[in-house]
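Only one structure is covered here, and it is reproduced in the block below.
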Amino acid sequence: MSKKISRRHFFSRSFGLSAGALLFKDFPIFQSSAASKIPLIITSHTNETGEKAMETGWEILAKGGSAVDAVEKAANIIELDAEGMGVGFGGLPNENGVVQLDASIMDGKTYNAGSVACLENIKTPCSVARVVMEKTDHIMLVGRDALEFARKWGFKKEDLLTEKARERWLRWKERLSDRDDWGPSEHLKNLKKKSPGSKESDEIEHYSGTTNVLAIDKNGDIAGVTTTSGLSFKIPGRVGDSPIIGAGLYVDNEVGAAGATGRGEDVIKSCASFYIVLRMKEGRKPLDACEDAMKMIADKYRKVNPNFFPGEQFVAINKQGEYGCTQMRGKRPARISVMTKDGYTRHEGTVVFK
Ligand code: GLY
């Protein structure tokens, strides 16, 4: 049986974290307060690279620069990190061993957006998306033509498959089975009972390490980036939610912004980022709006497979500089990096279904 969202659960979680805050300075609060500062930049990336990305974005915002510059340059830091296996250079490849990247950018001030999908050989796909946004009347370019477009605008063609990612891909190939992506949708696959002897380690391990970066500049203008190498070992040509405006990213300059990570198939069907921004427009706080989207997705599956909870994480900011993040399921709540004039902090959100 699936569990319903319980307000009591959220409150107890909130109190638990308040107590924990005394011990763990890195995760000081449950949800931002109305006193949050603008300018502000956040990312779903919470390791050292995420911190470096926030410093880079903050330098731009602190000098009065635009939110769109801040999110692009911050995301570039994460894209260029060869150690990160979910984004840009070093990202895990598709099933043929080819790294295919998806990215989007949206500028609330101009209500403009750009994206690229299945882009190969370019380390900074969100910057190509920005060129699509600013230099064309289109929103999305894909595949070989996106690469050609990028080359014409001076982006360098490079090999994106690191030794570490290649080794992971080869290990995945060794274990290929009827549990790879060739077959029914994930939520229908889960209806089949696992054979009695099957262990967790028998499952094909997919990895999606997408990154969202959202910012508000000193003028109150809002922008966002979502960038990813997508689902690891995906079928070549597969496009996830990240480059789809309204799914992996959405910005409304009057309301706020939202971004998604996790299994893109479910985010696409639910237009999750658009839904979160819509909920904020209706008066919901960022965290509540993110939780609403999770519940909406779980509700969609309830009749088909009540035990299916796609592994999603959502982050959101509103016009007032409040922020929140949540995770569909799991032991570890969603986390985000936040940078304001008060410095860099990491914040912990919620898990919607325990
Ligand atoms: N959320 C990233 C993807 O599914 O491609």
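Readers should treat all values here as calculations from the given coordinates under stated rules, not as data from a laboratory. This one's a predicted model, so the numbers in the text were calculated from it and none came from an experiment. Cβ: placed from backbone, ideal geometry, glycine included. Neighbour counts: every protein chain shown.
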Exercise. What ranking, highest mean first, results for peptides 114-121, 133-140, 296-303 when packing means the other Cβ atoms within 10 Å averaged over each residue?
Worked result: 114-121, 296-303, 133-140
Problem set entry | Cβ-defined net charge surrounding residue 139, 15 Å radius [Lys, Arg +1; Asp, Glu -1] | -4
Seminar exercise, completed: Per-residue Cβ contact counts at 10 Å, fewest first, order 110, 228 as 110, 228
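Past 25 Å, Cα to Cα: identify those pairs from 218/295; 123/234; 300/331; 173/303; 135/156; 73/354, in the order given. Provide the component values of the computation, followed by the final result.
Details: 218/295 33 Å; 123/234 19 Å; 300/331 23 Å; 173/303 34 Å; 135/156 18 Å; 73/354 36 Å.
From 218/295; 123/234; 300/331; 173/303; 135/156; 73/354, over 25 Å: 218/295; 173/303; 73/354.
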For this session: Could you compute the FRET efficiency for residue 281 and residue 331, with r as their C-beta to C-beta distance and R0 at 30 Å, rounded to 0.05?
Result: 0.40
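If we sort 284-290, 123-129 on the protection proxy, mean other Cβ atoms within 10 Å, highest first, what's the order? Display every interim value, and only then the final one.
Values: 284-290: 24.4, 123-129: 28.1.
Sorting 284-290, 123-129 by mean packing, highest first, produces 123-129, 284-290.
Could the peptides 326-333, 64-71 be put in order, highest first, of the mean number of other beta-carbon atoms found within 10 Å of their residues?
Descending packing order for the listed peptides: 64-71, 326-333.
In the neighborhood of residue 94, defined by Cβ-to-Cβ distances under 11 Å, what is the net charge if each Lys or Arg adds +1 and each Asp or Glu adds -1? Mind dumping the intermediate values first?
Values: positive: 234, 238; negative: 95, 120, 181.
Once all neighbours under 11 Å are counted, the net charge is -1.
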For this session: State the antiparallel share, in %, of DSSP beta bridges confined to segment 80-149, rounding to the nearest 5.
Result: 65 percent
